[in-house]
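See structure below.
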Amino acid sequence: MTTIRQITILGSTGSIGESTLDVIARHPDRFRAFALTANNNFDKMLAQCLRFQPRYAVMLDPDSAEKLAHSLSSNGSHTEVLSGIEALERVASLPEVDAVMAAIVGAAGIRPTFAAARSGKLVLLANKETLVMAGRIFMDLIKQYHATLLPIDSEHNAIYQSLPSHFDGDFATAGVSRIILTASGGPFRCTPIDTLKQVTPEQACAHPNWDMGQKISIDSATMMNKGLEVIEAHWLFNASPDKIQVVIHPQSVIHSMVAYTDGSVIAQLGNPDMRTPIAHAMGYPDRIDSGVDALDLFKVAHLDFEQPDFDKFPCLRLAYQALSAGDNMPAVLNAANEIAVDAFLKRRMTFTDIPRMIEHTLHAIGQETISTLDDVLKTDAHARVIASEWLLQSI
Ligand code: NAD
Ligand code: MG
């Protein structure tokens, strides 16, 4: 007999949040949506609350929260509505919560994700930015509070599944020689480098294989997403940068691989649908139905591989450099990238300005050690100011 796992979804109205609710709906005997949270998407949140009847709903935006509370009470719902960042932290830490799906996009997710770790929860981590900004601090916290961390990002979930179950971060003992992180190459894989300056946000958001939120779609187009994932893999699996190899695999069927010293390579395959890694982590250690179609290898027919082009996609190079430098550099990279993606989406700068802004911010701030969450948040705020100033001065 399984007990019901009570789940808080941070970012329930997003792409990962909706896929998580889809998996929950398939298993009412296993999971219950305990708390749903969002920024300000009132319509979606209202529909989710009416369908899933969570104990709590949190909207960061107070006006949206007020509107939601009003609509829910007139519908006879018992969901309690809260607002603000402290409420996000609270619903990630309440004693009734078994697992927290960390699926807020960007640096905004770090505080509630930290709260979940500090409360010893099962943390299902989609918000890779938390590990990029504060990898060492976050991993220490997971250990200190006996929390459990399972990766949702499809590549990291694939690596997790391809590593031995007793893996403790020691490559030599486990006989692991390297991690092979696959990347689709994004919508501009075949676009000539000299035409990248003219690409539009609509073209950049049109990912060939995955249907995702706007920010991660742009990150995939610049390949910063793969850069952030290299940093994420470093912290999750204790892998040094030279042991993480990025391979372009346009079909997105192999989600990543682990190479062993005896020459074996273990891979995880599946259709590109986030419900597979979500169901894997939510049901762990059981295997449960995710709603994803069985992989049809005859339809796939070909699996192709290419070298990544670091000249065409400088964001990937910048991420490797930030990881090797360490300290505050990955947090600066992440913050500058968020400002850059936002400016590109608002048509305030071109696609090729994205790495320029990030490189400038990394140089302007310079390397410094960081040891607390507070340091990380200060670094994040500082980098945002420097990146925004660059935009005003150079465009
Ligand atoms: P999304 O934009 O679709 O959804 C983001 C969610 O976060 C929404 O519910 C939104 O209301 C909430 N949110 C945004 N800003 C907030 C704020 N300031 N405070 C509180 N909540 C806020 O994003 P997504 O594509 O679902 O991605 C979520 C996270 O998962 C990201 O870190 C992304 O890198 C990661 N991820 C996504 C995918 C994918 O397929 N979408 C795959 C791997 C990893
Ligand atoms: Mg990924």
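Only the coordinates and a few stated rules stand behind these numbers; no lab work does. Note that the coordinates shown come from a computational prediction; the quantities given were computed from them, not determined experimentally. All Cβ positions, glycine included, derive from the backbone under ideal geometry; neighbour counts span all protein chains shown.
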- Query: Charges only on Cβ, +1 for Lys and Arg, -1 for Asp and Glu: so what's the dipole of the chain about the Cα centre, in debye to the nearest 20?
  - Reply: 360
- Additional length obtainable on full extension of the chain from residue 311 to residue 51, 0.36 nm per residue less Cα span: 88.8 nm
- Message: Counting only other residues whose beta carbon sits under 11 Å from that of residue 370, what net charge do I get with K and R as +1, D and E as -1?
- Response: -3
- Quick note, region 5-151: a/c under 1.5 would make it rounded; otherwise a/b > b/c is prolate and the rest oblate (a ≥ b ≥ c, C-alpha gyration tensor); here it is prolate
- Message: Please compute the length gained on full extension between residue 302 and residue 191, using 0.36 nm multiplied by the number of residues separating them and subtracting their Cα-Cα distance.
- Response: 37.8 nm
- Per GNM of the chain with C-alpha springs under 10 angstrom, the most fluctuating residue out of 315, 190, 205 is 190
- Message: Quick check for the chain: number of Lys pairs with alpha-carbon distance under 13 Å, counting only pairs 8 or more apart or on different chains?
- Response: 6
- Query: From largest to smallest, what semi-axes in whole angstrom does region 236-308 give when each is the square root of 5 times an eigenvalue of its alpha carbon gyration tensor?
  - Reply: 23, 19, 11
- Item | Simple spin-label estimate for residue 394 and residue 173 in nanometres, 7 Å along Cα-Cβ | 4.5
- Would you order 265, 199, 341, 91 from fewest to most other beta-carbon atoms within 10 Å of each residue's own beta-carbon? 265, 199, 341, 91
- Over the Cα atoms of the chain, Rg to Rh with Kirkwood Rh, two decimal places? 0.95
- Query: Considering the chain as a Gaussian network with a 10 Å cut-off on Cα pairs, which listed residue, 170, 309, 98, attains the greatest mean-square fluctuation?
  - Reply: 170
- Query: Which of 156, 360, 249, 302 comes first, and how do the rest follow, when ranked by fewest Cβ neighbours within 10 Å?
  - Reply: 302, 360, 249, 156
- Please identify, among 331, 381, 233, the residue showing maximal mean-square fluctuation in a Gaussian network model of the chain using a 10 angstrom Cα cutoff. 381
- Which semi-axis lengths, in whole Å and largest first, follow from the square roots of five times the eigenvalues of the Cα gyration tensor of region 326-395? 22, 11, 9
- Estimated dipole of region 326-395 in Debye, rounded to 20 [Cβ of Lys and Arg +1, of Asp and Glu -1, Cα centre]: 380
- Message: Can you tell me how region 43-99 classifies by the Cα gyration tensor, rounded, prolate or oblate, using a/c under 1.5 as the rounded cut?
- Response: oblate
- Message: Can you sort 288, 9 from fewest to most other Cβ atoms within 10 Å of each residue's own Cβ?
- Response: 288, 9
